[in-house]
Amino acid sequence: MLNDDEIIARYFSRDEAAIAATSEKYGEQCYGVSYNILRIREDAEECVSDSYLRVWNSVPPERPQSLKCYLLKIVRNISLDRLRFLKRKRRARELEISFSELENILPDSIVPAECELSDLAELLNAFFETLEYDARVIMVARYWRLLPILEISSRYGFSQSKVKTSLSRSREKLRKFLEERGFYK
């Protein structure tokens, strides 16, 4: 097995064997760092591969004092970026689910033309004041903060059944509340 100086020299001479030597020497550690962040085998493997490419593209001109530290820092950063991406993706999926739940309550024909958005905001605030505290917390968590039902349940100490029932009842109350105030054509 090559030492770090020999591996770095291969990077400088643009010898592709440097990647194989890096993988042989530090592959398991890189995978361990990435997997501990992501907890998804395929994504961790992809991040490790991406880190080898990044090292290839940055050495030279960089000459790391410690190849291991340099490499593990790159793996960590790539893995954290991937984790942020995955969280955004899950959040977008949660947004789509939340909006689909409201489609039956807020049809396309809602809001007369003469109505201002500020009027609707005032109306929604008035609606929230009619809800009990727990129902209000659950509605805000689901439709404003876009939290999944499981997270609402664990975060606020409600059963999943209570969260689902509360959301269903609150959506129906909202539909009736808006109907009574002429927000449906």
### Task
Take the range 24-36 and flag every residue that is farther than 12 Å from residue 67 by Cβ and surrounded by fewer than 19 Cβ atoms within 10 Å (Cβ to Cβ).
24, 27, 28, 31, 32, 35, 36
### Message
Checking the structure you have, find out if any residue of the range 46-67 is surrounded by 15 or more Cβ atoms within 10 Å (Cβ to Cβ), within 20 Å of the chain's Cα centre (by Cα), in a helix (DSSP H, G or I) and at pLDDT below 95.
### Response
no
### Message
Looking at the structure I just gave you, is residue 152 among the β-branched types (Val, Ile, Thr) and at pLDDT 80 or above?
### Response
yes
### Query
Would you pick out the residues in the range 143-185 that are surrounded by fewer than 15 Cβ atoms within 10 Å (Cβ to Cβ), part of a loop (DSSP other than H, G, I, E, B), free of Cβ contacts under 8 Å to residues at least 40 places away in the same chain and not charged (D, E, K, R)?
144, 157, 159
### Message
Return the residues of the range 6-39 that are hydrophobic (A, V, I, L, M, F, W, C) and either free of Cβ contacts under 8 Å to residues at least 24 places away in the same chain or touching a Gly at 6+ places or on another chain (Cβ under 7 Å) (or both); say none if nothing qualifies.
### Response
9, 17, 20, 21
### Message
Could you go through the range 75-96 and let me know if any residue there is closer than 23 Å to residue 10 by Cβ, among the aliphatic types (A, V, I, L, M) and either assigned to a helix (DSSP H, G or I) or modelled with pLDDT of 95 or more (or both).
### Response
yes
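The values are calculated or read from the model by the stated rules, or taken from the named source; none is laboratory data. Please read all numbers here as calculations on a predicted model, not as lab measurements. Ideal geometry is used to build each Cβ from the backbone, glycine not excepted, and the neighbour counts take in all protein chains shown.
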